Amino acid sequence: YVAKEKGNRYHFFDAALNAYITRRMIIEVELKKAIDRNELVLFYQPKIKLSTGEMVGMEALLRWDHPKLGSISPTEFIPVAEETGQITAIGEWVLRTACHQNKVWQDQGFQSLSVSVNVSARQFEQGDFIKIVEKALYDSGLNPKFLELEITESIMQNTCESIQALKEVRELGVKTSIDDFGTGYSSLHVLKELPIDTIKIDKSFIDDIENKTNLSIIKTIIDIGLNLNLDIIAEGIEMQEQFNTLDRLNCGYGQGYLFSRPVPANEFQKKISDEMIAKKNYLIK
Ligand code: C2E
Ligand code: MG
Ligand code: MG
Ligand code: MG
């Protein structure tokens with residue numbers, strides 16, 4: 001029916017669709033070369049224990065700096081990588097890089113900091129995922145207890161195989177967490193069966209934490225955590241009031257711009273070194 005519209009609108013949609021498809025194709029083609037050209041970088045964002053303000057670990061977040069296209073957001077290129085299967089190679093690079101970096105920091109004396117890595121459902125579905133995790137740990141020399149894998153609820157739509165893979169990962173001593181919790185499909189029943197250590201409350205609930213519905217959802221998730229013996233971490237804490245509310249509700253951990261944006265490894269290193277020297281922490285209560 002678009003074709004029946006007057007000329008202008010037809011051309012508008014045509015051009016927009018064209019631009020979208022072109023961009024998508026360029027990303028797909030360029031992404032294939034990104035690893036070899038060293039265009040992928042990991043940024044790190046601190047995870048904070050809310051009751052004490054101390055840093056307990058960091059999340060590794062992928063960045064793609066393309067020489068011509070500039071910086072491309074993971075929210076744009078990760079879905080493409082998942083569709084095309086490129087996520088397998090990219091995910092392995094992320095895992096290896098994060099393990100190696102954390103081991104370097106461990107060796108420098110930051111021995112209580114763990115690293116979290118985001119993993120796509122698609123990676124779990126590949127038969128040799130456990131081998132890849134094992135190898136990343138072995139090659140880096142990182143103690144498995146300092147690695148955590150973040151998965152989204154979409155894994156639950158998947159087969160028993162994904163759950164089995166999750167179990168095996170955990171048997172290695174690696175921690176597991178559900179990311180963006182509350183936005184997906186999980187029923188409480190499935191949650192009980194899942195081999196996980198941590199629930200991450202999605203940022204959308206934290207954004208408007210004073211909203212009554214959001215507040216009761218957050219309370220419920222914290223309660224579930226308590227009952228199922230899971231750690232709870234809130235993502236996207238930007239303001240002091242959000243921190244105060246979450247701490248008052250006994251949410252264990254938090255992450256967000258209030259503490260720090262994700263930063264490159266050298267900047268993160270400076271952050272933790274300064275913190276150690278000054279014996280300072282992120283306590284801003
Ligand atoms: P995520 O795992 O839920 O990561 C949290 C996102 O929120 C990150 O965006 C982070 O930079 C951002 N964030 C953290 N604190 C705040 C805050 O206080 N305010 C706001 N506005 N944002 C905050 P980012 O780095 O753009 O990553 C987006 C998503 O891309 C991630 O969501 C994750 O799903 C995916 N992703 C990133 N790196 C990887 C990766 O290595 N592998 C896979 N499979 N996915 C990745
Ligand atoms: Mg995450
Ligand atoms: Mg998240
Ligand atoms: Mg999120």
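The values are calculated or read from the model by the stated rules, or taken from the named source; none is laboratory data. This structure is a prediction, so every number in the text was calculated from the model and none was measured. Here the Cβ positions follow ideal geometry from the backbone for every residue, glycine too, while neighbour counts run over all protein chains shown.
Annotations
- Any hit, region 180-191, residues being within 21 Å of His100 (Cα to Cα) and either within 16 Å of ligand 3 (Cβ to nearest atom) or modelled with pLDDT of 95 or more (or both): no
- The listed residue being surrounded by 14 or more Cβ atoms within 10 Å (Cβ to Cβ), touching a Cys at 6+ places or on another chain (Cβ under 9 Å) and touching a residue at least 24 places away in the same chain (Cβ under 8 Å), out of Ile196, Ile178, Ile201, Ile206: Ile201
- The single condition from (1) within 14 Å of ligand 2 (Cβ to nearest atom); (2) out of contact with any Asp or Glu (no Cβ under 9 Å at 6 or more places or on another chain) that Ile221 fails is (1).
- Search result, residues across region 64-98 that are in a strand (DSSP E or B) and without any contact (Cβ under 8 Å) to a residue 40 or more places away in the chain: Trp64, Asp65, His66, Gly70, Ser71
- Of all residues making up region 130-161, the number that are away from ligand 2 (no atom under 16 Å from the Cβ), surrounded by 14 or more Cβ atoms within 10 Å (Cβ to Cβ) and without any contact (Cβ under 8 Å) to a residue 40 or more places away in the chain: 7
- Odd one out for Ser154 among (1) at pLDDT 95 or above; (2) of a type in the set (S, T, N, Q); (3) under 15 Å from the mean Cα position of the chain (by Cα): (1)
- At least 1 residues being away from ligand 1 (no atom under 15 Å from the Cβ) is the threshold, and among the helices (runs of 4 or more DSSP H) wholly inside region 158-234 those reaching it are 160-171, 188-193, 212-228.
- The set of residues from region 238-262 being charged (D, E, K, R), without any contact (Cβ under 8 Å) to a residue 40 or more places away in the chain and part of a loop (DSSP other than H, G, I, E, B) comprises just one member, Glu238.
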